[in-house]
1. In square nanometres, what is one fourth of the surface area of the convex hull spanned by the alpha carbons of region 337-406?
2. What is the ratio of the Cα radius of gyration of region 236-281 to 2.2 N^0.38 Å, with N the residue count, to two decimals?
3. Give, in nm to one decimal, the length gained when the segment between Arg395 and Gln359 is fully stretched (0.36 nm per residue of separation minus the Cα-Cα distance).
4. Taking region 73-137 as the region of interest, what is the percent of Cα-Cα pairs per 10 angstrom bin, listed from the shortest bin to the one with the maximum distance?
5. Sort 281-294, 53-66 by packing, meaning the average of other beta carbons within 10 Å per residue, with the highest value first.
6. Give the ranking of His45, His244 by solvent-accessible surface, highest area first, calculated with a 1.4 Å probe.
7. Once the mean 1/r over all distinct Cα pairs of region 139-258 is inverted, what Kirkwood radius in angstroms do you read off?
8. Compute the FRET efficiency between Asp143 and Phe174 as 1/(1 + (r/R0)^6), taking r as their Cβ-Cβ distance and R0 = 30 Å, and round to the nearest 0.05.
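The values are calculated or read from the model by the stated rules, or taken from the named source; none is laboratory data. Here the structure is a predicted model, which means the values were calculated and not measured. No Cβ is skipped: glycine too gets one built from the backbone with ideal geometry, and neighbour counts run over all protein chains shown. SASA here: full protein model, heavy atoms, side chains in, ligands and nucleic acids out. Shrake-Rupley method; radii C 1.70, N 1.55, O 1.52, S 1.80 Å.
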Amino acid sequence: MESAKITPVLLGADLNSYSVARAFSEYCGAVSYAFGKYPLGTTNHSDIVKFTVEKGLSDDAVTVSLLLSFAKEHAGDELYLFGCTDEYAEMIIRNRDVLSGYYFCPCVCLETAEKLETKEFFYSMCEQYKIPYPKTYIVRPNDSISDLSESTIEFNYPIIIKPSHSSSYWKHPFDGMKKVYSAKDKREASAILSKIFGAGYTESVLLQDMIPGSDSQMYVLTCYSGIDGKVKRACLGHVLLEEHTPKGLGNHTAVITENRPEITDVLINFLNEIGYIGFSNFDIKLDSRDGEFKVFEINLRQGRSNYYVTTAGQNIAETVIYDRHGKLSITPEICEDEVFWYTVPKPIIYKYVGKETAQKLKSLVKKGKSRSTLWYGRDLKNPKRLFYVAVHNVRYYSKYRKNGDL
């Protein structure tokens, strides 16, 4: 009997979406269908992604109706559904019972998701499961922000400021909006909080101890937990460089894979204990002051930089297809291969990371153990696509120069 046609459906248009589409293209030649509220060059003029603009995707009813209609139009296909932003991942979780009748969309239950998706509640779980995280002071909309002295927050300035609930935060835009903020004193901290709450954001905001060090002390862990609630695959990446634009701050642009069981094992055990299902993505930083890995957050989906996982041999598409068909190993597969993934021109990375690390990266490039997501030969036959990727690449020089990094 002939196997069913594999059809991936992606909610989102950014690098996350394209990375998943490329994984499916590489693994089984599948063309992905993507839906988003507006087009982005990342998924435009592509032969591996069929993208459609749908303005109403912020509405659960509209999105579910769209997905059910698509499923009926592709009856008989083996459908896989991915949320490629926090907003879309949360929508799938809320409507899992309906959507799972048509799509393979492994994800955590709503009750657990509501605890994990808000950083404030996630840190309470970190306390419970002995997971290290930065010292944190919580501010809610009705709290006084007039006295945010060091004695009040119980750690020193400068500090980090970030919203507890990311998808809710981005729904309340304002001038100067950033993904993460830094404040050098209590006056600056109060001003930032005033802007965030003044824009209509109603969740808590976190003031955090600023862990010293550059991008090169950041790590990212991507895990996949099977439908049995146990981790099947895990891949740790050592972040070498991030974007430094205000809204892109924290987005990884260069990663080299490592095996650090002292943090990977802790987080695998945590996911197994809570019966997590689907992809999870942790942002982590190594604190040079005490040598501990501190966890910043968990994303209830594969991360924007998920192609580093596929590059390391744990193809995202293969993982979900294997889980659907019961082919994943019972014992977790921990990535031990060293590979180099990047999204910006290599000369920028080499200049930023220093001579010794640059030599290691150049060696991996020579060995064929490096990849850049958008430079996918099969998808560069369209001149418009090739032009976009080339220009997108070159623009990074001006972006880093503008932010004082070149």
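1. Over every viewing direction, the Cα hull of region 337-406 projects on average to 5.4 nm².
2. With N residues counted in region 236-281, Rg over 2.2 N^0.38 Å equals 1.45.
3. That works out to 10.5 nm of additional length.
4. Per 10 Å bin, starting at zero, the Cα-Cα P(r) for region 73-137 comes out as 19, 39, 26, 12, 5, 0 percent.
5. Top to bottom by mean Cβ count within 10 Å: 281-294, 53-66.
6. His45, His244
7. 16.3 Å
8. Efficiency for this residue pair is about 0.95.
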